[in-house]
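Enquirer: The following block contains the structure, expressed as structure tokens.
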Amino acid sequence: MQKSDVASARSAPHVARATPRSRQIDAGHLRGFEAAARLGSFTAAADELALTQSALSRQIQTLEAQVGVPLFTREGPRVRLSPAGEQFAAVVRQALHSLDAMVDTLRAGQGRPRVRLTTFASLASQWLIPRLGEFQATHPDIDIAVETFDSLSDLEHGDIDIAIRRLRHDNPQAHAPGTTFLFGEEITPVCSPVLADRAPTSLEALPRCVWIDDVRVHGAPPIARANMQALSWGGWYAGLGLPQPEPLRWLRFNYTYQVIQAAVAGQGVAMGQIGLIRDLLAAGTLIAPVGRRVDAGYGYYLATRPDTQPRPEVQAMLDWLQRQFAAWQAIAVD
């Protein structure tokens with residue numbers, strides 16, 4: 001090399017030795033890529049990751065430059081994975097799942113093993129809490145955290161280990177990886193035996209009673225209201241192919257377990273979800289005087305994180321829950 005060439009090389013601006021197609025990618029951009037691929041929107045992905053939309057867009061542009069091929073096809077405000085992006089996303093998802101699972105394992109190893117479980121409030125209060133003592137007695141070294149939400153928690157990207165869900169059978173979540181069907185849901189009018197001769201024993205007698213109902217059937221957003229309707233008086237009459245009459249009076253609460261508590265107290269007739277009140281019916285605490293059951297189109301499902309091997313404490317809880325649900329379903333009710 002001539003001296004002039006050496007001088008020129010020293011004075012020239014820095015140029016990366018590797019081309020974008022040959023150097024390793026920035027792993028920090030993979031979370032943004034995965035979120036955008038899953039949500040189909042840079043804006044939604046940025047919101048999820050607490051970034052600005054422009055910052056996330058720059059991450060994707062940098063990642064595409066480093067990979068060397070377009071990963072997304074832009075369609076106005078929406079984005080769609082390119083064929084190469086589809087292949088890349090499958091590998092990235094698996095890698096992130098493996099990393100997250102290992103982080104959970106390492107965190108769990110720093111203290112007592114813990115299981116985080118989520119379900120809806122009525123199942124937690126009426127079914128889960130009365131039984132948790134047995135699990136704690138046989139697994140005294142495992143901490144348990146129970147969170148109640150009506151909305152579906154994101155098992156893939158949150159830190160929830162197990163979800164007990166009540167879903168419509170046609171809900172895609174009912175058929176998602178890591179989801180196990182437990183049993184279906186039927187509904188029927190129920191009341192306390194203290195009503196005695198006032199208990200309605202026919203369809204014609206029902207409108208002469210006080211009906212206990214969930215207030216969300218009437219005041220919730222349209223989607224939630226439609227879901228609650230299927231499990232309430234309107235859904236029961238629709239299942240029988242009959243119009244719903246007006247009762248003597250309404251008594252409404254905003255949680256299902258409150259509806260059942262009012263029925264047990266003899267304050268009227270409630271639409272009972274047999275999946276929640278099997279023990280009350282078997283014990284005679286509640287009776288089903290009309291005896292007409294309707295399939296509500298819902299089922300109970302046990303869901304775990306997809307594509308990851310449960311930690312030992314999570315597997316112990318899963319095994320216990322499945323045994324408990326099997327014994328629950330075996331309870332005979334009239």
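The values are calculated or read from the model by the stated rules, or taken from the named source; none is laboratory data. If you're wondering where the values come from, they're calculated on a predicted model, not measured in any experiment. Cβ: placed from backbone, ideal geometry, glycine included. Neighbour counts: every protein chain shown.
Enquirer: May I ask you to list the residues in segment 33-75 that are out of contact with any Asp or Glu (no Cβ under 7 Å at 6 or more places or on another chain) and of a type in the set (V, I, T)?
Expert: Correct list: T43, T52, I60, V67, V69, T73.
Enquirer: Every residue in segment 178-213 that is assigned to a loop (DSSP other than H, G, I, E, B) and in contact with a strand residue (DSSP E or B) (Cβ under 9 Å, 6 or more places away or on another chain), please. Before you say what the answer is, go through the steps one by one.
Expert: Step one: filter segment 178-213 for residues assigned to a loop (DSSP other than H, G, I, E, B), giving 178, 192, 199-205, 209.
Result: G178, S192, A199, P200, C209.
Enquirer: Which one is modelled with the highest pLDDT among residues in segment 216-243 that are in a loop (DSSP other than H, G, I, E, B) and buried (at least 16 other Cβ atoms within 10 Å of the Cβ)?
Expert: S232
Enquirer: Restricting attention to segment 296-312, does a residue exist that is in a helix (DSSP H, G or I), over 23 Å from N171 (Cβ atoms), in the same structural domain as F120 (by TED's automatic domain parsing) and in contact with a strand residue (DSSP E or B) (Cβ under 6 Å, 6 or more places away or on another chain)? Let's see the steps before the verdict.
Expert: Taking segment 296-312 and keeping what is in a helix (DSSP H, G or I), we get 312.
Now drop any that are not over 23 Å from N171 (Cβ atoms), which leaves 312.
With in the same structural domain as F120 (by TED's automatic domain parsing) added as a condition, the list becomes 312.
Then keep just the ones that are in contact with a strand residue (DSSP E or B) (Cβ under 6 Å, 6 or more places away or on another chain); that gives none.
No, every residue in segment 296-312 fails to be in a helix (DSSP H, G or I), over 23 Å from N171 (Cβ atoms), in the same structural domain as F120 (by TED's automatic domain parsing) and in contact with a strand residue (DSSP E or B) (Cβ under 6 Å, 6 or more places away or on another chain).
Enquirer: Would you tally the residues in segment 81-99 being within 25 Å of the chain's Cα centre (by Cα) and either surrounded by 12 or more Cβ atoms within 10 Å (Cβ to Cβ) or not β-branched (V, I, T) (or both)?
Expert: 10
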